[in-house]
Amino acid sequence: MRTIVVKYLFNIIALLALQILIFNYAKINIGFWEFVPYVYILGIMILPFETEGELLLIIGFLIGLIVDFSLGSFALHTSATVFIAFFRNIILSWIAPRLGYNPGTLPSYQYYGFYWAIKYALFTTVIHHFVLFLLDYFSLKMLFFAFAKAFINGVYSSIFIVFLHYFVFRNRTIIS
Amino acid sequence: MKFKRSTLVLFILLELIAIGWTIIANNSKTVYILNATGKVESIFFTYKFKITELFRLQTEYRKLLDKLQTLYTQKYNCTKLTDTIYTFTLAKVLENSVSHPNNIIVISAGEQQNIKEDDAVISVYGNIIGYVVYVGKKHSAVLSILNTITTISVKHKPSGIIGQLSWDGSDPSTMILEDIPLYVDIKVGDSIVTSGYSQIFPPDLLVGTIKSYETSNAKNTYTIKVALAEDFRKLNYVFVITNKQRENIRQIIKKAQKKLFE
């Protein structure tokens, strides 16, 4: 399992580079609200179905930590990414196709379809942003704003994530 | 919903670390002080700064050079005259050498930037580099002070005594000053600056500092080795100084000479 995950190292590094160099600056400002697309989450989403939970958690922690270094936002993204790494398998079971995931396939856009990819992206990003903004606005007053921002930012992130999801798997959908 | 207990334990552990770190760091007073004292307490801010700094360096550098240009203009034009005498033009160094007996520097400013022949050229640190010998449309050739055919009129700053500084062609970091009389008090580290008696270089531009000196019974002056303040191997940008009064002074000298020999 570990050898397969090493192949993903390139994808994860490329996503982090895209995030730090490009998407950190692709902000949308409406009033005092600011929406940033967080596409590094895709790094957790594309790991094979069979990846062990512990490995997912550790990878999530490291990815989140790197993004936090680039933004100066202490451990916000770390906690959100670890959360999503833990719930990834649960989310996958919510959106699974009727007969389940075929063993030997990868969680790819091409194999499971556009609607599956959108559901996957939206669920993952909105839950991730929930944790992110709840912790960010660590007060009950801002609870409503945190929820609203999680939804809107989740949609914004998902647009890019679905797009990149296609790109990551354009050459393979099956474990070789 | 299936997950192993070990996974759950690891999740809670990592999550607590992350959330705890966030809350503690967020509430720490040191974070708010960081801008005032310039001390970055958090490694998150250090790395964020380092990453963004790379992208900012280019623009910061150009902004600093523009600031330098205005500062030099102000410094050299602190006279009672209303017209500025000296204008400073920023130029990039395109070609450079220190290994020839007479070294030419090519800069990216020419006729279009109002450069004239005999304009002085200084580094961005205010040290003397040379003077313009040829002006093209967009580029110019500068004769570096590292040449064996000309000397520079300089002044020993503490005493004010004038001498001629020359280059022997070997060491690009040292030049020779030969006519400071023995009665002058000199020591290692003294500044050697331009005297202002040539029409080319403005006065008081730093050339270098005294590295060593020796005396001989054959002559009544020191032989001083001057360590150049500027590293000629590392030139990137320069300022070209145009002296608007120079033409006027030249005319006056011509007329005076004519009168003398009539």
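A few notes on this one:
- Taking region B:235-262 as the range and being surrounded by fewer than 16 Cβ atoms within 10 Å (Cβ to Cβ) and either modelled with pLDDT of 85 or more or among the β-branched types (Val, Ile, Thr) (or both) as the test, the residues that pass are B:236, B:249, B:252, B:253, B:255, B:256, B:257, B:258, B:259, B:260.
- Considering only residues in region A:11-32 that are in contact with a Phe, Trp or Tyr (Cβ under 6 Å, 6 or more places away or on another chain) and closer than 13 Å to residue A:67 by Cα, the one that is surrounded by the fewest Cβ atoms within 10 Å (Cβ to Cβ) turns out to be A:16.
- So residue A:93, is it among the polar types (S, T, N, Q) and crowded, with 16+ Cβ neighbours inside 10 Å: no
- Within region B:99-124, the set of residues being open to solvent by less than 40 Å² (accessible area, probe 1.4 Å) and not polar (S, T, N, Q) comprises B:105, B:107, B:109, B:110, B:115, B:118, B:119, B:120, B:121, B:122, B:124.
- Hey, residue B:138 without any contact (Cβ under 8 Å) to a residue 40 or more places away in the chain and either more than 16 Å from the chain's Cα centre (by Cα) or surrounded by 20 or more Cβ atoms within 10 Å (Cβ to Cβ) (or both) or not: yes
- Condition check for residue A:166: open to solvent by 80 Å² or more (accessible area, probe 1.4 Å) and within 17 Å of residue A:48 (Cα to Cα): yes
- Sole exception among (1) part of a loop (DSSP other than H, G, I, E, B); (2) among the hydroxyl-bearing types (Ser, Thr, Tyr); (3) open to solvent by less than 30 Å² (accessible area, probe 1.4 Å) for residue B:153, by number: (1)
- Count of residues meeting criterion [touching a residue at least 12 places away in the same chain (Cβ under 8 Å) and at the interface with another protein chain (Cβ under 7 Å from one of its Cβ atoms)] in region A:38-63: 3
- Only one entry in A:87, A:35 is in contact (Cβ under 8 Å) with a residue 12 or more places away in the chain, in contact with a strand residue (DSSP E or B) (Cβ under 8 Å, 6 or more places away or on another chain), under 22 Å from residue A:156 (Cα atoms) and surrounded by fewer than 22 Cβ atoms within 10 Å (Cβ to Cβ), namely A:35.
- Failed condition for residue B:34, given (1) at pLDDT below 75; (2) open to solvent by 50 Å² or more (accessible area, probe 1.4 Å); (3) assigned to a helix (DSSP H, G or I); (4) more than 9 Å from every other protein chain (Cβ to nearest Cβ): (2)
- Test: residue B:177 is under 21 Å from residue B:234 (Cα atoms) and part of a strand (DSSP E or B): no
- Test result for residue B:216, of a type in the set (Gly, Ala, Ser) and modelled with pLDDT under 85: yes
- Residue check: residue B:225 meets all listed conditions (1) among the basic types (Lys, Arg); (2) surrounded by fewer than 16 Cβ atoms within 10 Å (Cβ to Cβ); (3) at pLDDT 90 or above but one, namely (2).
- If you go through region A:110-139 and keep only what is over 13 Å from residue A:158 (Cβ atoms) and either open to solvent by less than 10 Å² (accessible area, probe 1.4 Å) or assigned to a loop (DSSP other than H, G, I, E, B) (or both), you end up with A:113, A:132, A:133, A:137, A:138, A:139.
- Condition check for residue B:189 on (1) in contact (Cβ under 8 Å) with a residue 40 or more places away in the chain; (2) surrounded by fewer than 14 Cβ atoms within 10 Å (Cβ to Cβ); (3) of a type outside the set (S, T, N, Q): one failure, at (1).
The values are calculated or read from the model by the stated rules, or taken from the named source; none is laboratory data. The shown structure was predicted, so the numbers you read here are calculated from the model rather than taken from an experiment. When we count neighbours, we look across all protein chains shown, and the Cβ atoms used for this are built from the backbone with ideal geometry, even at glycine. For the accessible areas, the whole protein counts, side chains as well, though only heavy atoms, and no ligand, DNA or RNA atoms are used. Shrake-Rupley method; radii C 1.70, N 1.55, O 1.52, S 1.80 Å.
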